[in-house]
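This report concerns only the one structure given below.
Here, each number is a calculation from the coordinates, and none is a lab measurement. What you see is a predicted model; the values in this text were computed from it and never measured. Cβ: placed from backbone, ideal geometry, glycine included. Neighbour counts: every protein chain shown.
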Amino acid sequence: MNWMLSNLAETLLIIGLVLLGVEIIVLGFSTFILFFVGISALITAALLQFALIPDNWQSALLSVAIVTTVLAATLWRSLKKMQSRVDKTRAASDLIGYRFLLVDDVAPNKPSLHHYSGIAWKLRCKEPIKAGTWVEVVQADVGEFAIRPRYDL
């Protein structure tokens, strides 16, 4: 504890880097508070290093609090706006286009199952499809295939 107080600038530098690492690497920049506090700790470490604020824990704590508040007030909207832009395109899947022969009848109100790669996939369709028809996967969701008949084999 004595080392941390005698090397306050270095301690704050380490704390700031750890907080930024947790925020960016572990949490994927999903919460901003660790980002603001981490940047504030780095700025306060620089202020202590250049002797712009007194070298004691009270002034360091006050500086971190003030800088965190200023950063949050100035950057919150732009970071929230950046985070709200979400790509809604579906991920490409190698299961789309997979063709197989239906074993059971499938209808919109009568789903069926298809076993593929060790998983029992629930089949759904827009129109009734008879057993023995070749079908193609047009959409793959978690545990579920959307299929359509495939006549051009």
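Counting beta carbons within 10 Å around each of E136, E23, E127 and listing the fewest first gives the order E127, E136, E23.
Write down Rg/Rh for the chain, rounded to two decimals, with Rg from the C-alpha atoms and Rh from the Kirkwood relation over Cα pairs. Before the final figure, lay out each step's value.
Details: Rg = 28.4 Å, Rh = 20.2 Å.
Ratio of gyration radius to Kirkwood radius: 1.40.
Only DSSP H runs of four or more residues enter the estimate; each adds -39500 (n - 2.57), and after division by the residues of the chain the mean residue ellipticity at 222 nm equals -14000 deg cm²/dmol. Within the chain, the selection of entire DSSP H helices by a Cα span of 20 Å or greater along the long axis and an average Kyte-Doolittle value of at least 0.0 returns 33-49, 57-84.
Taking other C-beta atoms within 10 angstrom as a stand-in for reagent exposure, R77, R124 fall in the order R77, R124, fewest first. For L101 and V142, the FRET efficiency from 1/(1 + (r/R0)^6), where r spans their Cβ atoms and R0 equals 30 Å, is about 0.80. Taken along its three principal axes, the alpha carbon spread of segment 99-149 comes to 24, 18, 17 Å, from the longest extent down to the shortest.
Determine the percent antiparallel among the DSSP beta bridges restricted to segment 99-149, to the nearest 5. Don't jump to the answer; show the numbers that get you there.
Details: 16 of 19 bridges.
Bridges in segment 99-149 that DSSP calls antiparallel: roughly 85 percent.
For R99, the shell of other residues with beta-carbons less than 11 Å away shows a net charge of 0, using +1 for Lys and Arg and -1 for Asp and Glu.
Tell me, Kirkwood radius of segment 2-84 from alpha-carbon pair distances, in Å? Walk me through the numbers on the way to the answer.
Values: mean 1/r = 0.0765 Å⁻¹.
It works out to 13.1 Å.
Counting every other Cβ atom within 10 Å of each residue's Cβ, R99, R85 order from fewest to most as R85, R99.
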